[in-house]
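Working notes, beginning with the structure itself.
The values are calculated or read from the model by the stated rules, or taken from the named source; none is laboratory data. What you see is a predicted model, and the numbers here were worked out from it, not measured in a lab. Please note: Cβ atoms are built from the backbone with ideal geometry, for glycine as well, and neighbour counts cover all protein chains shown. Side chains included, ligands, DNA and RNA excluded: accessible areas come from the protein's heavy atoms. Shrake-Rupley method; radii C 1.70, N 1.55, O 1.52, S 1.80 Å.
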Amino acid sequence: MILERSNSINLNKLQTQLSGVANRPDIEELSKMIKMYQLYQAGQREISTKLENLDAEFQVNYDYNPIHHMESRMKDVQSLVQKAERKGYELTADSIQANIYDIAGIRVITNYMDDIYNVEKLLTHQTDVTLLRRKDYIKHPKESGYRSLHIVVKVPVFQAKGPIDVPVEIQIRTVGMDMWASLEHKLRYKTDTNQELVDKYGDQLKGYADELEQIERGMQGIHKELI
Ligand code: GTP
Ligand code: MG
């Protein structure tokens, strides 16, 4: 099951969203960006299909689904512009394409921890998928306690003029890690950085991340004996 957080885009919408931005790209550049979005969305679909196919094959071979569910999202234009400004990148399609890899994103929620690395291996071993970046926040959790495997892969999208490689960011995590990250994200980003709450619950949440890991390992052990 894929939950698609759809973000369709067109010239009018883009012009409205960028109306307050200094150094606003001209029409020609905006058209390029729209084409880029379409291309990236196609790349996202290519990878989503590959992941669905892997999951289905597992179901047939082992009577088991490693993937609990997936979510896909396109970075909205405002966050794209904010990120480009924050990092000092030029606001052009070429510069964005060269520097920002998380325009197309897929989150894969697995049942167990081993499934994370299995899914990664099976996907990145496909001949048309190339691993570009990898951050293992499971082996090296963030200071907050955040755990997840982040990879960026490139996949060719076949256009009328031939194939174009497109980067797609994939965050792979267990159900437990996902539950944790959603709550922690709310605490950190949605409360307008309410420092008081972060101070109050930050350590507690970090402790929960460790506990969840222990629980998930234990449950994985039991599950292994059952299959
Ligand atoms: P940016 O993409 O520019 O933010 O930097 P980066 O590429 O170094 O980011 P990173 O690999 O840390 O991943 C960014 C994404 O991971 C965020 O958009 C979140 O979805 C998620 N993430 C990273 N750290 C945390 C964290 O401490 N808590 C939660 N809840 N999510 C996090
Ligand atoms: Mg990122």
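Kindly provide the helix-only [θ] at 222 nm of the chain, computed as the sum of -39,500 (n - 2.57) over DSSP H runs of four or more divided by all residues, to the nearest 500 deg cm²/dmol? Please list the in-between numbers first.
Numbers: 7 runs with 116 residues, N = 227.
Only helices count here, giving -17000 deg cm²/dmol.
Would you work out which of G105, I222, W180 lies farthest towards the positive end of the dipole of the chain? Charges go on Cβ: Lys and Arg +1, Asp and Glu -1.
Positive-end residue among those listed: G105.
What does the charge count near Q159 come to, summing +1 for each Lys or Arg and -1 for each Asp or Glu among other residues with Cβ under 12 Å from its Cβ? Before the final figure, lay out each step's value.
Details: positive: K35, K161; negative: D165.
Residues close to Q159 contribute a combined charge of +1.
Skip the ligands, DNA and RNA, and give the accessible area per residue of the chain with a 1.4 Å probe, whole Å².
On the way: 13100 Å² over 227 residues.
For the chain, the solvent-accessible area averages 58 Å² per residue.
On full extension of the chain, what length is gained from E85 through S182, given 0.36 nm per residue of separation minus the C-alpha to C-alpha distance? Intermediate results must be reported in sequence, preceding the final value.
Working: separation 97, 0.36 × 97 = 34.92 nm, distance 2.61 nm.
Difference between extended and current length: 32.3 nm.
Note down the accessible area of L205, probe 1.4 Å, to the nearest 10 Å².
20
Return the ratio Rg/(2.2 N^0.38 Å) for the chain, where Rg is computed over Cα atoms only.
Details: Rg = 19.3 Å, N = 227, 2.2 N^0.38 = 17.3 Å.
For the chain, the normalised Cα radius of gyration comes out at 1.12.
Say the cut-off is 28 Å between C-alpha atoms; which of K50/K87; K154/K186; K139/K186; K121/K161; K32/K139; K135/K161 go over it? Before the final figure, lay out the partial values.
Values: K50/K87 32 Å; K154/K186 30 Å; K139/K186 24 Å; K121/K161 31 Å; K32/K139 39 Å; K135/K161 34 Å.
Table pairs above 28 Å Cα-Cα are K50/K87; K154/K186; K121/K161; K32/K139; K135/K161.
Say each of N194 and N53 gets a label point 7 Å from the Cα, pointing the same way as Cα to Cβ; how far apart are those two points in nm?
Once both label points are built, they end up 4.7 nm from each other.
Taking only C-alpha pairs under 8 Å that are 6+ residues apart, what is the relative contact order of the stretch 11-175 in percent?
On the way: 244 pairs, mean separation 41.2, N = 165.
Once divided by the residue count of the stretch 11-175, the mean separation gives 25 percent.
Of the accessible area of the stretch 11-175, with the probe set at 1.4 angstrom, what percent is carbon plus sulfur?
Numbers: 3890 of 8370 Å².
The value for the stretch 11-175 is 46 percent carbon and sulfur by accessible area.
Report the gain in length on full extension from N10 to K142: 0.36 nm times residue separation, minus Cα-Cα distance, nm rounded to one decimal.
On the way: separation 132, 0.36 × 132 = 47.52 nm, distance 3.68 nm.
Result: 43.8 nm gained on full extension.
Considering only the chain, what is the antiparallel percent among its DSSP beta bridges, to the nearest 5? List each step's numbers first, then the result.
Working: 24 of 34 bridges.
Taking every DSSP beta bridge with both residues in the chain, the antiparallel ones total about 70 percent.
Which FRET efficiency, nearest 0.05, do D210 and Q78 yield, Cβ-Cβ r, R0 25 Å? Spell out each step's value before the answer.
Values: r = 35 Å, r/R0 = 1.41.
Calculated value: 0.10.
Using the crude model of +1 on Lys and Arg Cβ and -1 on Asp and Glu Cβ, and no other charge, please compute the dipole size for the chain relative to its Cα centre, in debye to 20.
On the way: 30 positive and 34 negative charges, 108 e Å.
Result for the chain is approximately 520 debye, rounded to the nearest 20.
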